[in-house]
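*Asks:* This is the structure, below, for whatever I ask next.
The values are calculated or read from the model by the stated rules, or taken from the named source; none is laboratory data. Values in this document were obtained by computation on a predicted structure and should not be read as measured data. Backbone-built Cβ (ideal geometry, glycine too); neighbour counts: all protein chains shown.
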Amino acid sequence: MAERSFSEEVELLRAGAGTELHMEGILAVTKALLQSGVAYVGGYQGAPISHLMDVLNDAQEILGELGVHFETNASEAAAAAMLAASVNYPLRGAVTWKSTVGTNVASDALANLASGGVTGGALIVIGEDYGEGSSIMQERSHAFAMKSQIWLLDPRPHLPLITEMVEKGFELSEASNTPVMLELRIRACHVYGRFTAKDNRAPTMTVREAAANPVRDTSRIVLPPANFLHEREKIEQRWPAALRFIKEHRLNEFFGEGGDIGIVVQGGLYNSLIRALRILGLSDDFGATRIPLYCLNVTYPLLDDEFLCFCEGKRAVLVVEEGQPDFIEQSFHKTLRQAGSDVRLFGKDCLPTWGEYTTGAILGGLRKFLEAAAPAMLAPPAQSAVQAFDPAAARIPVRDLSAVVPQRPAGFCTGCPERPIFSAMKLLQQETGPMHVSCDIGCHLFSILPPFGIGNTTMGYGLGGAGGSAFNAKGGAPVVNVIGDGGFWHNGLTSGIGGAVFNQNDNIFLIVDNNYSAATGGQDIPSSRAAPGNRKGNNSIERAVDGVGVNWIRTVDTYDVAAVKATLKEAAESGVSGPKVIVARNECMLNKQRRVKRERSDALKAGERVSRSRFYVDADTCTGDHACMRLSGCPSLTLRANPNPLREDPVAYVDNSCVGCGLCGANAHAAVLCPSFARADVVSNPGWGERLLHDIRHTLIGALQRWSERRRERRLAVLGA
Amino acid sequence: MSVLRPITIAVTALGGQGGGVLADWIRALGEGNDYIAQSTSVPGVAQRTGATVYYLELFPAAAAAQAGREPVLSLFAVPGDVDVVIAAELMEAGRAVQRGFVTPDRTVLIASNHRAYAIAEKTAQGNGIADSAAVIEAATAAARHLVLFDMQAVAEAAGSVISASLFGALGASGVLPFGRDAFEAVIREGGVGVAASLRAFGMAWDLAQAAANTVAPAVDAAPASVLPQGSPLADRIRGQLPLALHDTAWEGVRQLVDYQDARYAGQYLDALQGIAALDRAEDGHALSLAVGRHLALWMCYQDVIRVASQKTRSARYADIRREVLAGTAELVEPVEFMHPRLEEICDLMPAALGRWVLGSGGFREWLERFFRKGRMVRTYSLRGFLMLGSLAALRPFRRMTLRHAIEHERIGVWLARIGNAARHDRALAAEIARCQRLLKGYSDTQARGWRSFSRIMDHVDHAPAGSLRAADIAGLREAALADEDGKALDAALAV
């Protein structure tokens, strides 16, 4: 069950020809897949392409009607391997993942696929998690296209073009027997725009039909001598076929004409470039540019003759290419040199050599380019808006806020079941001293950030176990390897746990089981308790671990801080040889709340007894040390002004976003924090017996309170009126 | 070149604040009123409590139709090119200013001035809260027009979420060319929580219209003298302490009478008077003010009697009910998380007995077995209330307890140290007094605070006469608050 329900979007997928659709970029791609007669779709969830997976998962009915196979693959490698179905059969297949991390994982299968080539169109939709908000290493997918010879599409972020490029991508793939990657930057995935739908098309051949009529062609298999032939085929046949197709179908675009300078831009950056030109008065908002543009909707392969043709009559050309290395710029330099051209090529000498090309970054680069190549074009136009771009010129009397505005590192959500694990580890480390902790990918990686500061390295999804494998000093300091349930099934079971059993590694393996692939949007995984539809969930992590030969397995409730701490300590002191596996289990609170809120409101409406809990801090008892927050970091555990006018430090305060997970209480006990914490159990629609007991208690206690408060008033009388 | 340009809007929010809903509404508003609308966002990890920006552009459809072309809309907010910034929290408004999205020639800034504290603000051992006034000052200077009020409070009052009140403030600001009906229609079409959203929207609309360009931060009115007539303690303060001290001393007295009794408050005034005699008016009685504040706090040390008394008051129960938004028909049962250790129990014993138990070795170990686990106490069960109530009722015997003896011995030494220092450096003495701020919390936290305090006091006691400056002690105190493991204080003391 994903974080979001896509039932409305699923209906949009049925839209027929001529319907104007308004939707997010990645959903437009999903619709375009169905319009392209795709026979199978797979992938592995991750920002920014999770919605493609989620919406198809909710669209089983439509997929069934069209005869399209859909599955959530076990990993990106599995997804890429699934494209093998397009090797022998004219089946159009598409897979998707987050890049570059997913492409890294997939690269073995991709290389095999690209070597043998494809018969049916094979499209890989990659969501480029680069720039603002990214949580991964900043690299380019371009390198994968180059190394394996896979074509790379980078369309303008304009939904009509993006959806068209999906179809063209399949055609290009078939025309050149080569897999094609469609690269979408994160903002393009999430851009909400409009396009005109076409009818969905059932695949000309279904996977069922293909399997019934097997085709075998050893020349497509990566084994000698075919592997040597493949390399030659790539250069002699597939490459020229691709160039022909790209040229004939005008996949790259030219805008504007005249003048003796020009700009080459990756399609994905086109809108930003146009905005930068408009700000400089060199284009209007419809893209009527005064500087000719060569827009690369295909960034690999590059068409030398198209480029040279664009350069004709120009003195200088700027290449706007995001990320590094500057593959495109390098390639065009070679093209110009071989052609004996004297066109001056600008690129990363004007633009930033690294980092996201925001409109602001492009604007700066464009200015430098024009200063060098055509300073006359920079003459200040009449619009006052241009002035505003120079903060100094605008004379904004703003004080520097960099020391004032606090950073907001990502953290665990309110009530997250993973937070208590790290509270326990922090407490344990206060006793034992710091430990080496090898981390994985997933929400639990936030342990590295404040307030926990736990974790030394992270080497990739599912690799938390393997990342600690070198530390196997018998009888030495305990090393903890953290693995999420998502990473566990992705590969951690074999790469981490299986490897540790085989190598008799004594490390502690902490498997964080929150029931979902939570960080990517709460998708189901093999151990999810209730996997709906045509999936089998509830596959036990403990049994899997037992199956690969682990002898020491414990399962703990994550909210029981004392138990988590004690179990970690037990594992560290056990003296048992081989890996010690602790499964720390509790459901992702985001998903749980979505379910529980609905159940609660239904029950309340039906007049049933419903109880909820929330924590409360006694502002008079709290002394404002904030030790509780250094062990928690929960968004709902926050601050407010000290009610005691003599005290300066703010006190702890629990706001109404608290879901009553219990961590505050468990921490107060485990860390012997302070007696300020209380839990308020609130009962709606109580039974009559419960109400009666409550009333009796409160009547008696009320009498005692009145007595003691009278005594207090007498004492306070000395303070006068 | 065309003078047409899209309306550019940036929504800056925290993950989970519903910025996406607001962006959806604005987009629907544009699309429903003949604008071409584009929005984009970067959810990613920012969704998990980080700061995030939603960006929208609205372009008149008629102009596009006239041109016969589609506008090319940007996916990024460009510094200096943003018409509207909507900040769902004050520091996010500050961040938008910092990023250059708010410029005086064009930007209308609509911001909620409530605070959602960042982790660094929360985990500080003292007061880590960022300077709101600085952000408001910068936002006022940077924006063409600023709409600033607590939109979170408005939303809560309406039983809704902040996206609705932000939408109301946006509408009322008049920056978008759409009427109130158009805004409300969008909320209605959303179909979820419509009534509450419309309520929050309307309240925010009214407030935004009522508000002038800026809302001045609340300024405390100069307080009148708080000393009442007819109280012997107030009379004593009036007669024996300088005017500058009256407020602080009275607050101290008030708290001490409540904590113990009038005699205890008298004891406080005795000590304060002694310090005041060493103080001078020319530095604003800074020393006496510091002692007045910190002596009262120290004398009201948090012992079991005090905590039990706080937990059993009827006003507290009412506050809990209010805080958890309990309806009149709902039952509320507080459960206390307490972890009394043997130390706290011995603190309650007569001093000699308590000292004997703590020093008894085997007997102590045997007793400790009963105090290893935390306890959950239902305050409003008869058993729970009687237990807490009986502990609170020990107040008259407090002076006999071990804890009282320990605290007052320490207070005595501290006061003497302040007195000694005051004879040649009053500022230094005031800083020594302010070190009481380190003494807070319970159990380990309390022990850590006492350790830091003692180390600084040792430093004071062993420094050659005249070598210490007030700023040194203030620096040491800040170092003690900088981290939990005392490394900063180690480093500061090593200098």
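*Asks:* Here is a list: A:Val191, A:Val180, A:Val166. Which entry is of a type in the set (A, V, I, L, M, F, W, C) and within 14 Å of chain B (Cβ to nearest Cβ)?
*Replies:* On the way: A:Val180 fails: within 14 Å of chain B (Cβ to nearest Cβ); A:Val166 fails: within 14 Å of chain B (Cβ to nearest Cβ).
Sole residue among the options that is of a type in the set (A, V, I, L, M, F, W, C) and within 14 Å of chain B (Cβ to nearest Cβ): A:Val191.
*Asks:* Among the residues of region A:470-484, are any under 21 Å from A:Glu76 (Cβ atoms) and small (Gly, Ala, Ser)?
*Replies:* Checked against the condition, which is being under 21 Å from A:Glu76 (Cβ atoms) and small (Gly, Ala, Ser), region A:470-484 yields at least one hit.
*Asks:* Tell me which residues, restricted to region B:389-420, are aromatic (Phe, Trp, Tyr) and either more than 30 Å from the chain's Cα centre (by Cα) or outside the structural domain of B:Cys435 (by TED's automatic domain parsing) (or both). Before you say what the answer is, go through the steps one by one.
*Replies:* Restricting attention to region B:389-420, the residues satisfying the condition of being aromatic (Phe, Trp, Tyr) are B:397, B:414.
Selection gives B:Phe397 alone.
*Asks:* Determine if region A:324-347 includes at least one residue that is crowded, with 16+ Cβ neighbours inside 10 Å, farther than 13 Å from A:Ile263 by Cβ and among the aliphatic types (A, V, I, L, M).
*Replies:* Yes, because at least one residue in region A:324-347 is crowded, with 16+ Cβ neighbours inside 10 Å, farther than 13 Å from A:Ile263 by Cβ and among the aliphatic types (A, V, I, L, M).
*Asks:* Residues in region B:304-313: is at least one over 24 Å from B:Gln436 (Cβ atoms) and under 24 Å from the mean Cα position of the chain (by Cα)?
*Replies:* Applying the first criterion (over 24 Å from B:Gln436 (Cβ atoms)) to region B:304-313 yields B:311-313.
Now drop any that are not under 24 Å from the mean Cα position of the chain (by Cα), which leaves B:311, B:313.
Taking every residue of region B:304-313 in turn, at least one turns out to be over 24 Å from B:Gln436 (Cβ atoms) and under 24 Å from the mean Cα position of the chain (by Cα).
*Asks:* Taking the condition closer than 30 Å to B:Arg322 by Cα and touching a residue at least 40 places away in the same chain (Cβ under 8 Å), does B:Ile187 pass? Steps first, please.
*Replies:* On the way: closer than 30 Å to B:Arg322 by Cα: yes; touching a residue at least 40 places away in the same chain (Cβ under 8 Å): yes.
Yes: the conditions hold for B:Ile187.
*Asks:* With respect to A:Ile582, is the statement that it is more than 14 Å from chain B (Cβ to nearest Cβ) and touching a Lys or Arg at 6+ places or on another chain (Cβ under 6 Å) true? First the steps, then the outcome.
*Replies:* Details: more than 14 Å from chain B (Cβ to nearest Cβ): yes; touching a Lys or Arg at 6+ places or on another chain (Cβ under 6 Å): yes.
Against the criterion (more than 14 Å from chain B (Cβ to nearest Cβ) and touching a Lys or Arg at 6+ places or on another chain (Cβ under 6 Å)), A:Ile582 qualifies.
*Asks:* Here's another thing I want to ask about it. Testing B:Leu297 on (1) within 30 Å of B:Ala427 (Cα to Cα); (2) in a loop (DSSP other than H, G, I, E, B), one condition comes back false. Which one is that?
*Replies:* In the conditions (1) within 30 Å of B:Ala427 (Cα to Cα); (2) in a loop (DSSP other than H, G, I, E, B), B:Leu297 misses (2) alone.
*Asks:* For region A:610-689, which fully contained strands (runs of 3 or more DSSP E) count at least 1 residues that are of a type outside the set (Ser, Thr, Tyr) and within 7 Å of chain B (Cβ to nearest Cβ)?
*Replies:* Working: elements: A:610-617, A:637-640, A:651-654, A:677-684.
Output list reads A:610-617, A:637-640, A:677-684.
*Asks:* If we keep just the residues of region A:7-29 that are under 18 Å from the mean Cα position of the chain (by Cα) and not aliphatic (A, V, I, L, M), which is nearest to B:Asp24 (Cα to Cα)?
*Replies:* Just the residues of region A:7-29 that are under 18 Å from the mean Cα position of the chain (by Cα), to begin with: A:24-27, A:29.
Those left that are additionally not aliphatic (A, V, I, L, M): A:24-25.
Details: A:Glu24: 11, A:Gly25: 15 Å.
Across region A:7-29, the extreme among qualifying residues is A:Glu24.
*Asks:* Shifting gears a bit: With respect to the numbered conditions (1) more than 29 Å from A:Asn642 (Cβ to Cβ); (2) in contact (Cβ under 8 Å) with a residue 12 or more places away in the chain, which one is the sole condition not fulfilled by B:Gly174?
*Replies:* Condition (2) is where B:Gly174 drops out.
*Asks:* If a residue has to be in a loop (DSSP other than H, G, I, E, B) and closer than 18 Å to A:Thr520 by Cα to count, how many in region A:1-52 make the cut? Even if it seems obvious, please write down each step before you answer.
*Replies:* Of the residues in region A:1-52, the ones in a loop (DSSP other than H, G, I, E, B) are A:1-6, A:13-19, A:36-39, A:44-49.
Next, from what is left, pick out any that are closer than 18 Å to A:Thr520 by Cα: A:1-6, A:44-49.
Looking only at that region, the number is 12.
*Asks:* Going by the conditions given, is A:Gly578 among the small types (Gly, Ala, Ser), surrounded by fewer than 18 Cβ atoms within 10 Å (Cβ to Cβ) and either touching a Cys at 6+ places or on another chain (Cβ under 8 Å) or assigned by TED's automatic domain parsing to the domain that holds A:Asn481 (or both)?
*Replies:* Details: among the small types (Gly, Ala, Ser): yes; surrounded by fewer than 18 Cβ atoms within 10 Å (Cβ to Cβ): yes; either touching a Cys at 6+ places or on another chain (Cβ under 8 Å) or assigned by TED's automatic domain parsing to the domain that holds A:Asn481 (or both): yes.
In short, yes.
*Asks:* Could you please give the count of residues in region A:321-337 that are out of contact with any Gly (no Cβ under 7 Å at 6 or more places or on another chain) and either of a type in the set (A, V, I, L, M) or in contact (Cβ under 8 Å) with a residue 12 or more places away in the chain (or both)? Spell out the reasoning first.
*Replies:* Applying the first criterion (out of contact with any Gly (no Cβ under 7 Å at 6 or more places or on another chain)) to region A:321-337 yields A:322-325, A:327-328, A:330-337.
The next check asks that each one be either of a type in the set (A, V, I, L, M) or in contact (Cβ under 8 Å) with a residue 12 or more places away in the chain (or both); those that pass are A:322-325, A:327-328, A:331-333, A:335-336.
Residues that pass the stated criteria total 11.
*Asks:* Does any residue of region B:304-317 turn out to be within 12 Å of another protein chain (Cβ to nearest Cβ), more than 21 Å from A:Ala619 (Cβ to Cβ), out of contact with any Leu (no Cβ under 6 Å at 6 or more places or on another chain) and surrounded by 19 or more Cβ atoms within 10 Å (Cβ to Cβ)?
*Replies:* No, region B:304-317 has no match at all.
*Asks:* If a residue has to be on the phi < 0 side of the Ramachandran plot and part of a loop (DSSP other than H, G, I, E, B) to count, how many in region A:348-374 make the cut?
*Replies:* Within region A:348-374, the subset on the phi < 0 side of the Ramachandran plot is A:348-354, A:356-374.
In the following step, the residues that additionally are part of a loop (DSSP other than H, G, I, E, B) were identified as A:348-354, A:356-358, A:374.
Final tally of qualifying residues: 11.
*Asks:* Please work out if B:Val161 is more than 10 Å from chain A (Cβ to nearest Cβ), surrounded by fewer than 24 Cβ atoms within 10 Å (Cβ to Cβ), touching a residue at least 60 places away in the same chain (Cβ under 8 Å) and farther than 14 Å from B:Gln17 by Cβ. Show your work before the answer.
*Replies:* Numbers: more than 10 Å from chain A (Cβ to nearest Cβ): yes; surrounded by fewer than 24 Cβ atoms within 10 Å (Cβ to Cβ): yes; touching a residue at least 60 places away in the same chain (Cβ under 8 Å): yes; farther than 14 Å from B:Gln17 by Cβ: no.
So B:Val161 fails the test.
*Asks:* Hey, another quick one. Among the residues of region A:205-228, count how many are out of contact with any strand residue (DSSP E or B) (no Cβ under 7 Å at 6 or more places or on another chain) and either within 25 Å of A:Asp54 (Cα to Cα) or surrounded by 14 or more Cβ atoms within 10 Å (Cβ to Cβ) (or both).
*Replies:* To start, the set of residues in region A:205-228 that are out of contact with any strand residue (DSSP E or B) (no Cβ under 7 Å at 6 or more places or on another chain) comprises A:205-206, A:208-228.
Still in the running and either within 25 Å of A:Asp54 (Cα to Cα) or surrounded by 14 or more Cβ atoms within 10 Å (Cβ to Cβ) (or both): A:205-206, A:208-210, A:220-221, A:226.
Within region A:205-228, residues that are out of contact with any strand residue (DSSP E or B) (no Cβ under 7 Å at 6 or more places or on another chain) and either within 25 Å of A:Asp54 (Cα to Cα) or surrounded by 14 or more Cβ atoms within 10 Å (Cβ to Cβ) (or both) number 8.
*Asks:* To continue, here is another question. Please specify each residue of region A:189-209 satisfying the condition of being touching a residue at least 40 places away in the same chain (Cβ under 8 Å) and farther than 26 Å from A:Thr163 by Cβ. Reasoning before the result, please.
*Replies:* Step one: filter region A:189-209 for residues touching a residue at least 40 places away in the same chain (Cβ under 8 Å), giving A:189-208.
Residue satisfying the conditions is A:Arg208 alone.
*Asks:* Can you say whether B:Ala463 is closer than 20 Å to B:Val304 by Cα, more than 10 Å from every other protein chain (Cβ to nearest Cβ) and without any contact (Cβ under 8 Å) to a residue 40 or more places away in the chain, as far as the supplied structure shows?
*Replies:* Working: closer than 20 Å to B:Val304 by Cα: no; more than 10 Å from every other protein chain (Cβ to nearest Cβ): yes; without any contact (Cβ under 8 Å) to a residue 40 or more places away in the chain: yes.
The answer is no for B:Ala463.
*Asks:* Also, I was wondering about something else. Among the basic types (Lys, Arg) and more than 14 Å from chain A (Cβ to nearest Cβ), is that true of B:Arg395? Spell out how you get there, then give the answer.
*Replies:* On the way: among the basic types (Lys, Arg): yes; more than 14 Å from chain A (Cβ to nearest Cβ): no.
It is false that B:Arg395 is among the basic types (Lys, Arg) and more than 14 Å from chain A (Cβ to nearest Cβ).
*Asks:* Pull out all pairs, ordered by first then second residue, where Cβ-Cβ is under 9 Å, the residues are six or more apart or on different chains, the first lies in region A:358-373 and is more than 14 Å from every other protein chain (Cβ to nearest Cβ), and the second is acidic (Asp, Glu).
*Replies:* A:Lys368/A:Asp349; A:Phe369/A:Asp349; A:Ala372/A:Asp349; A:Ala373/A:Asp260
*Asks:* If I ask for residues that are surrounded by 17 or more Cβ atoms within 10 Å (Cβ to Cβ), polar (S, T, N, Q) and more than 21 Å from B:His339 (Cα to Cα), which ones from region B:430-478 would you list?
*Replies:* The answer is B:Gln436, B:Ser452.
*Asks:* Same structure, new question: Among the strands (runs of 3 or more DSSP E) lying completely within region A:448-558, list those that include at least 1 residues that are surrounded by 24 or more Cβ atoms within 10 Å (Cβ to Cβ). Don't jump to the end; show me each part of the working.
*Replies:* Details: elements: A:479-484, A:508-513, A:552-557.
In region A:448-558, the matching strands (runs of 3 or more DSSP E) lie at A:479-484, A:508-513.
*Asks:* It is to be established whether one or more residues within region A:129-141 are among the hydrophobic types (A, V, I, L, M, F, W, C), crowded, with 24+ Cβ neighbours inside 10 Å and closer than 29 Å to A:Met23 by Cβ.
*Replies:* no
*Asks:* Starting from region B:321-336, take each residue that is under 24 Å from B:Arg383 (Cα atoms) and at the interface with chain A (Cβ under 7 Å from one of its Cβ atoms) and list its partners that are part of a loop (DSSP other than H, G, I, E, B) and not β-branched (Val, Ile, Thr), counting only C-beta distances under 7 angstrom and pairs at least six apart or across chains.
*Replies:* That search, which allows pairs on different chains as well, returns B:Leu331/A:Pro686; B:Val332/B:Ala326; B:Glu333/B:Tyr380; B:Pro334/B:Tyr380; B:Glu336/A:Pro675.
*Asks:* Please go through region A:432-447 and give me each residue that is away from chain B (no Cβ under 14 Å), crowded, with 23+ Cβ neighbours inside 10 Å and of a type outside the set (Ser, Thr, Tyr), ordered by number.
*Replies:* Passing the criteria: A:Val437, A:Cys439, A:Asp440.
*Asks:* List the number of the failed condition for A:Ala211; all other conditions in (1) under 20 Å from A:Leu91 (Cα atoms); (2) assigned to a strand (DSSP E or B) hold.
*Replies:* (2) is the only condition that A:Ala211 fails.
*Asks:* Could you tell me which numbered condition A:Ile186 fails, if it satisfies all but one of (1) over 18 Å from A:Val41 (Cβ atoms); (2) within 14 Å of chain B (Cβ to nearest Cβ); (3) at pLDDT 95 or above?
*Replies:* Going through the list (1) over 18 Å from A:Val41 (Cβ atoms); (2) within 14 Å of chain B (Cβ to nearest Cβ); (3) at pLDDT 95 or above, A:Ile186 breaks only (3).
*Asks:* On the given criteria, is A:Leu172 surrounded by 19 or more Cβ atoms within 10 Å (Cβ to Cβ) and not assigned by TED's automatic domain parsing to the domain that holds A:Gln266?
*Replies:* On the way: surrounded by 19 or more Cβ atoms within 10 Å (Cβ to Cβ): yes; not assigned by TED's automatic domain parsing to the domain that holds A:Gln266: yes.
Against the criterion (surrounded by 19 or more Cβ atoms within 10 Å (Cβ to Cβ) and not assigned by TED's automatic domain parsing to the domain that holds A:Gln266), A:Leu172 qualifies.
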